[in-house]
Every structure is written in C-alpha cells, then in structure tokens.
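The values are calculated or read from the model by the stated rules, or taken from the named source; none is laboratory data. Predicted model, so just to flag it, every value in this text is computed and none were measured. Positions of Cβ are generated from backbone atoms using ideal geometry, with glycine treated the same way; all protein chains shown enter the neighbour counts.
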C-alpha cells in the first residue's frame, strides 16, 4: 500500500486520500488538531511544524517506519515545510526553493522579471519614506503589502502621497500585534514591499499541474471591498479571448516559478496591459473556492492534490469545460459581541445551497473587517450558470444576520 504524508490541513483531505486506497499519515500542529484528524489518519504525528529543528527528526523516524513516498499539504503555513521534507528525503514534488518563491512575494516578482513574464515594479520598503520614493517614481496608486503574509492581512492600497504615512502606520502597527485572529499561523511579519497598482477586474485561477503540463481548471470571479474578498463566482463571465489570454499568462507564470506538479491558486488582475499576477500559492485555494470548482466543473482539486502524485486519477485537459456554476458570498457583522443569528433556517432549506458556513459563535467578538480573516462566514450555492448562482447567493447571504452588541 502506498503511503502519503499530509502536513497540516483539514481532516477531509485525509479521508479523501483514504478513499483512494492510500495509507494516510498526518503531521499536525497541536493547536490545529481536531478529533477528526485522529479518526482519519492511520498514523498521527504532533509537532510545531514551523520549527524545522523539531520537525526534521520526527520526519526521518516516520519515513523509516512508514516509508511514505509523497508529501502534500493544502495549508499555506506548511508549504515550505513540505519542500524541506521533499529535499531531505529526495522525494518527488515541490522543492523548498520553489515553495519559497511562492511564499516570498518579492522573490516571485524577481523570478517573473528574470524569466520574461510580464509583471509590475516592486521594491522592499522599511518606512514611509521608501513608499513615497517609489510613488514618486512609478505614480499612484501603489500597494503596500507584507512580503510573506496572506489573506489580505496588512495590505494597503495607497491612493496618494498624502495617504502614505497613515497607511504605513496601520501596516506597521498590525505587524506588532500579538492578538490577531490566527496570528500564530498567518503572521504579518516584518518585511514589506510596495508595488505598482493594477487596475481592472480581479480573478483567481485554480490549476493542477502534471509533470510540467498545466491544467487551468477554473477562472473565478473575485468581488472585493477594498482589499477584502467578499465573494467569488465560477466560471468567470469573460470572453473566450480573455479566457485564453489569462490561461496563457498563468501557464507561463507557473513555468517561470518552476512548479511542475500539484495544485496552485493564482490571483490576477486584468489591466490595460493585459493579465498580471498579483500573488500565487502552491496549494489549494482558500475561501472554499475548491468547492465552487467542484460544483462548476465536477473536478475535486483536493482529491487531485492527494491522488494525482500516485497516478490514481486521470490527467486533466489544459482547459476543462464547465458543467454548471457556483458562487459564494461572505458574511460580515457589526463589530461587537455575537449574541445570535437570524435567517439561517430559510437559507439551509434552499435547494441550491452547497453550504452555509458560519465561522463565529455566540460569545465571540466580531472585529472590524480589515482582512479576509475578519469575516463571519460564507454562503455557497450552485446554479445552472454564473448569473443564476451569483443572484441566488446574493439573495441568500442577505437573509443572514449576525447579531452583535457592543463588547
């Protein structure tokens, strides 16, 4: 029996690997452990997986005992660890070098420029003076972001020189906080970059690669409020020409990054000069976009992440055809203490519902929504086409009220 080591992530990934006939080994962090991880795994290892000195000896022992031949993770905070394990044991899969390119947004920009993939100007900054210098050279708006963060945390769109000081102060102060939601796993960090702003609509591209050949499974519409993602819909309502242009750009980008196998989630904007990558991750998407892709294309990217490395699933074409559509809208609440929910019964009874996922509970404190991690939940639906899915999702999300009182 083939064995797979899955680092971090959710129990459902382990269960899908099991259904494919794989022996499942789970490397999990104590703070992220759920009872379902133990139930779904044939063997469970607990460690601070961000600490390589702790993780390495455990990995070496587990490999001697179980002989796993592939290592996978679908969690952002685990991808560099997966690369290190592959390098340590000489296993197929993404290397630490490639994983770090996806993790480090400035390194990503530099690699794109080196390989001739169109990109935007970007530089490291250490203070507001650096931002103003970049803005004077490249014009406004500019984007300030932490180099290694995710979920829009710490990202600021700066419209003018006058707005620089306040934006820098907000991001810097955020980086010093110790009370952020999931801050241990998604820290802001202390390295920052500023880059040119790309205007135009935003999309995410969900892909799966097979020995260097890339399948663009889905192009997903992204609906934002500032830098916070408030909804997604798939397939994106774009022309065939735009679809082909985005597909070519993302495949060129993945080639430049050196990603040869596995799933990826790439965020792009289509501006006056065509598609430009905003950021990318060598993992499955967040926001349950993989569930939307499953609803629209009948392709389970989570299943492919664990099954494709063993050749257990058929390779996908360069651009699969949609068989339906799906959408999600996110829930937010007025800041304060959560005291109840309204509208859930009606939404749960709707025939188009994929899931209603409320991430806060009574007694929690709903924060001011500044990044994706501050949202209160989401509604996911399916539809015959994207118009129907988006309209249904908007209507259902409007019915949900997260009731709060002043904390």
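Points worth noting:
- Looking across the range 335-358, the residues that are part of a loop (DSSP other than H, G, I, E, B) and surrounded by 14 or more Cβ atoms within 10 Å (Cβ to Cβ) come down to 335, 343, 350, 352.
- Under the condition of being assigned to a helix (DSSP H, G or I) and either assigned by TED's automatic domain parsing to the domain that holds residue 289 or touching a strand residue (DSSP E or B) at 6+ places or on another chain (Cβ under 7 Å) (or both), the residues counted in the range 389-407 number 7.
- Within the range 93-121, tally of residues that are in contact with a strand residue (DSSP E or B) (Cβ under 7 Å, 6 or more places away or on another chain), on the phi < 0 side of the Ramachandran plot and part of a loop (DSSP other than H, G, I, E, B): 5
- Matching residues in the range 7-32 - criterion: being farther than 20 Å from residue 301 by Cβ and either surrounded by 14 or more Cβ atoms within 10 Å (Cβ to Cβ) or modelled with pLDDT of 95 or more (or both): 23, 25, 27, 28, 29, 32
- Criterion applied to 324, 363, 343 was being out of contact with any helix residue (DSSP H, G or I) (no Cβ under 9 Å at 6 or more places or on another chain) and touching a residue at least 24 places away in the same chain (Cβ under 8 Å), and the one residue passing it is 363.
- Residues located in the range 211-230, provided they are within 26 Å of residue 297 (Cα to Cα) and surrounded by fewer than 17 Cβ atoms within 10 Å (Cβ to Cβ): 211, 212, 213, 224
- Here residue 200 passes the criteria (1) under 22 Å from residue 76 (Cβ atoms); (2) not in a strand (DSSP E or B) except the one numbered (1).
- Against the criterion of being over 19 Å from residue 119 (Cα atoms) and assigned by TED's automatic domain parsing to the domain that holds residue 319, residue 220 qualifies.
- Any hit, the range 224-232, residues being more than 18 Å from residue 287 (Cβ to Cβ) and at pLDDT 95 or above: no
- Count - residues of the range 153-168 that are within 26 Å of residue 77 (Cα to Cα) and surrounded by fewer than 19 Cβ atoms within 10 Å (Cβ to Cβ): 1
- Criterion violated by residue 67 - all others in (1) crowded, with 18+ Cβ neighbours inside 10 Å; (2) more than 24 Å from the chain's Cα centre (by Cα); (3) at positive phi satisfied: (1)
- Matching residues in the range 159-212 - criterion: being modelled with pLDDT under 80 and at positive phi: 182, 189
- Qualifying positions in the range 289-326 - farther than 14 Å from residue 20 by Cα and part of a loop (DSSP other than H, G, I, E, B): 298, 299, 315, 316, 317, 318, 319, 320, 321, 322, 323, 324
- Qualifying residue in the range 236-253 (condition: part of a loop (DSSP other than H, G, I, E, B) and either in contact (Cβ under 8 Å) with a residue 40 or more places away in the chain or touching a helix residue (DSSP H, G or I) at 6+ places or on another chain (Cβ under 7 Å) (or both)): yes
- Residues (out of contact with any helix residue (DSSP H, G or I) (no Cβ under 6 Å at 6 or more places or on another chain) and either crowded, with 19+ Cβ neighbours inside 10 Å or without any contact (Cβ under 8 Å) to a residue 24 or more places away in the chain (or both)) located in the range 117-134: 120, 129, 133, 134
- Subset of the range 368-405 (residues that are surrounded by fewer than 19 Cβ atoms within 10 Å (Cβ to Cβ), more than 14 Å from residue 339 (Cα to Cα) and either free of Cβ contacts under 8 Å to residues at least 24 places away in the same chain or more than 21 Å from the chain's Cα centre (by Cα) (or both)): 368, 384, 385, 387, 388, 391, 394, 395, 398, 399
- In the range 301-312, the residues that are in contact (Cβ under 8 Å) with a residue 12 or more places away in the chain and under 14 Å from residue 209 (Cα atoms): 301, 302, 303, 304, 305, 306, 307, 308, 309, 310
- Some residue of the range 38-49 being under 24 Å from residue 100 (Cβ atoms), without any contact (Cβ under 8 Å) to a residue 40 or more places away in the chain, assigned to a loop (DSSP other than H, G, I, E, B) and in contact with a helix residue (DSSP H, G or I) (Cβ under 7 Å, 6 or more places away or on another chain): yes
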